[in-house]
1. From E49, E126, E89, E94, grab the single residue that is free of Cβ contacts under 8 Å to residues at least 60 places away in the same chain and either outside the structural domain of V18 (by TED's automatic domain parsing) or at negative phi (or both).
2. Among the strands (runs of 3 or more DSSP E) contained in the range 102-204, which hold 2 or more residues that are within 25 Å of S60 (Cβ to Cβ) and not aliphatic (A, V, I, L, M)?
3. Of the residues I108, I70, I120, I114, only one is farther than 30 Å from K189 by Cβ and either at pLDDT 95 or above or out of contact with any Gly (no Cβ under 6 Å at 6 or more places or on another chain) (or both); which?
4. Which condition breaks for I68 when tested against (1) in contact with an Asp or Glu (Cβ under 6 Å, 6 or more places away or on another chain); (2) closer than 20 Å to N139 by Cβ?
5. One residue is enough: does the range 76-84 have a residue meeting the conditions crowded, with 16+ Cβ neighbours inside 10 Å and in a strand (DSSP E or B)?
6. Identify, please: which residue in the range 27-66 is among the β-branched types (V, I, T) and in contact with a Leu (Cβ under 7 Å, 6 or more places away or on another chain) and is, among those, nearest to E2 (Cα to Cα)?
7. Just checking, which of S33, S40 is small (G, A, S), under 30 Å from H140 (Cβ atoms) and part of a strand (DSSP E or B)?
Amino acid sequence: MEKHIVKVLKTEFVTHNVKRFTLQRPAGYTFTSGQATDVSINKPGLENELRPFTFTSLNSDDHLEFTIKIYTGHNGVTEKLLGINGGDELIVHEVFGAINYQGAGLFIAGGAGITPFISILRQLKEDDKLDDNILLFANHTEDDIIIKDELDEMLGKNHVDFIANPLSGKQGRRIDKAALKQYLNPAIKYSYICGPDEFVAQIKNSLIELGVAADRIVMEQ
């Protein structure tokens, strides 16, 4: 099994509970935007506690980047990552993942499910191919939106936030069938979904009910 010990170059919080890790990149290590790898912490007793995380950097970057939601209270791997900072080491493994860009589409993300789309959208920006792509991004509150400013800058009006419990007290919005119908248009060739299992299943079913062919829905299998 492919395995590389890499040094953490820096870390920073991008929301109250999402931390960005910038790592050294092993020579010859390649991936496609949207893919992931298993990551573990290079400390005694933790080397074999693997968890999958998506690359949010580009394959052309000289470093690796992961944007990881930290879950506290159950002593899991992400809680241990809370204490990892520049100078520490992580272990990355072989690359995998079924989410990759196939054509202009409707990206539908729930919470940390945005992570595979970050690299894809950044690559599309690099290639000047963002036109006709739309992002629908569901979160609990405004404070949960990952890299909101960058998404706004990349996509403009094609970045649409759905906030279930707005801090402003406004009525919450969820990505339901009516919302999907509103944003499906002839330019949309594919629908990309990532998020919690229940969210993904609900969105997939709604898309199929709206007439989207199953082979035009891209999601992790």
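1. Details: E126 fails: free of Cβ contacts under 8 Å to residues at least 60 places away in the same chain; E89 fails: free of Cβ contacts under 8 Å to residues at least 60 places away in the same chain; E94 fails: free of Cβ contacts under 8 Å to residues at least 60 places away in the same chain.
Being free of Cβ contacts under 8 Å to residues at least 60 places away in the same chain and either outside the structural domain of V18 (by TED's automatic domain parsing) or at negative phi (or both) holds for just one of E49, E126, E89, E94, which is E49.
2. Numbers: elements: 105-110, 134-139, 159-163, 190-194.
Ranges flagged: 105-110, 190-194.
3. Details: I108 fails: farther than 30 Å from K189 by Cβ; I120 fails: farther than 30 Å from K189 by Cβ; I114 fails: farther than 30 Å from K189 by Cβ.
Selected residue: I70, the only one of I108, I70, I120, I114 that is farther than 30 Å from K189 by Cβ and either at pLDDT 95 or above or out of contact with any Gly (no Cβ under 6 Å at 6 or more places or on another chain) (or both).
4. Against the list (1) in contact with an Asp or Glu (Cβ under 6 Å, 6 or more places away or on another chain); (2) closer than 20 Å to N139 by Cβ, I68 comes up short only on (1).
5. No.
6. My answer is V39.
7. After ruling out the rest, the residue left standing is S40.
The values are calculated or read from the model by the stated rules, or taken from the named source; none is laboratory data. Not measured: the values here are computed from a predicted model. Glycine also receives a Cβ, built like all others from the backbone with ideal geometry; neighbour counts cover every protein chain displayed.
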